[in-house]
Every structure is written in structure tokens, then in C-alpha cells.
1. Compute the signed sum of charges (Lys and Arg +1, Asp and Glu -1) over the other residues within less than 14 Å, Cβ to Cβ, of Ser33.
2. Go through (i) 54, 18, 17; (ii) 42, 25, 20; (iii) 50, 28, 27 and flag the label whose value is the computed Cα extents along the principal axes in Å for this structure.
3. What is the angle, in °, between the Cα long axis of helix 3-34 and the longest principal axis of the Cα atoms in the chain? Nearest 10 is fine, range 0 to 90.
4. If you place +1 on the Cβ of every Lys and Arg, -1 on the Cβ of every Asp and Glu, and leave all else neutral, what size is the dipole of the chain about its Cα centre, to the nearest 20 Debye?
5. Using only Cα atoms and rounding to the nearest 10 degrees, what angle (0 to 90) does helix 39-63 make with the longest principal axis of the chain?
6. Residue farthest toward the positive end of the dipole of the range 1-70, with Cβ of Lys/Arg at +1 and Asp/Glu at -1: which of Ile11, Ala59, Leu42?
7. Of the lysine pairs in the chain, how many meet both conditions: Cα atoms under 23 Å apart, and a spacing of 8 or more in sequence or different chains?
8. Grab the other residues whose beta carbon is less than 15 angstrom from that of Met46, score K and R as +1, D and E as -1, and report the net.
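Taken together, the values in this text are just the output of simple stated rules run on the coordinates, not laboratory data. As the structure is a computational prediction, the values presented were derived from the model and not from experiment. Counting neighbours? That spans all protein chains shown, and the Cβs are built from the backbone with ideal geometry, glycine included.
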Amino acid sequence: MDLQQKKEIIIDFLKKCNAYGDGMLDKYQRQLSEVNANTGALKDKMRDWDTHKTFNQVAIDELKTNELDDWFDESQ
């Protein structure tokens, strides 16, 4: 498997993680609109998922360049 194939597998995985995160954000947004109880906890969960998605997107963007190529160097 070449470097580009490895990167595409990871990018695909991170995109799936972000799609799951979108689902979780939708779920918490619906819960937030339905009840006023625990809104702080729901907002915290939403913030955490948003942060997770942002981190994944940064990794995806870096994988599309040569920024992380040294991570794939098996000689290290």
C-alpha cells in the first residue's frame, strides 16, 4: 500500500467520525430544543463534539498535504 492509499484510508475514517459527530450534534440540538433542563450539560457535549470535528478537519487538511508524511515513515 502506498502513502497516498494510507492517507486516503485515514481521511475516510476521519470523515466518518465527523459524520457521526454531525449526528450527535443534531441529537443534542433536538434535545436542547425539547427541554430546558440540563442545557449546560448538553451545550458542553455539543462544544466537545464541535471541537472533535474541528480537530479531525485539521488532520484531514494536513493529510491532503505532505505535513504529516513523516508519520508514515516506518523506519522511525
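1. Around Ser33, the charge tally is +1.
2. Computed from the coordinates, Cα extents along the principal axes in Å corresponds to (i).
3. Computed tilt is about 0 degrees.
4. On the way: 11 positive and 16 negative charges, 122 e Å.
That gives the chain a dipole magnitude of about 580 debye.
5. 20
6. So the residue furthest toward the plus end is Leu42.
7. 24
8. My count for the surroundings of Met46 gives 0.
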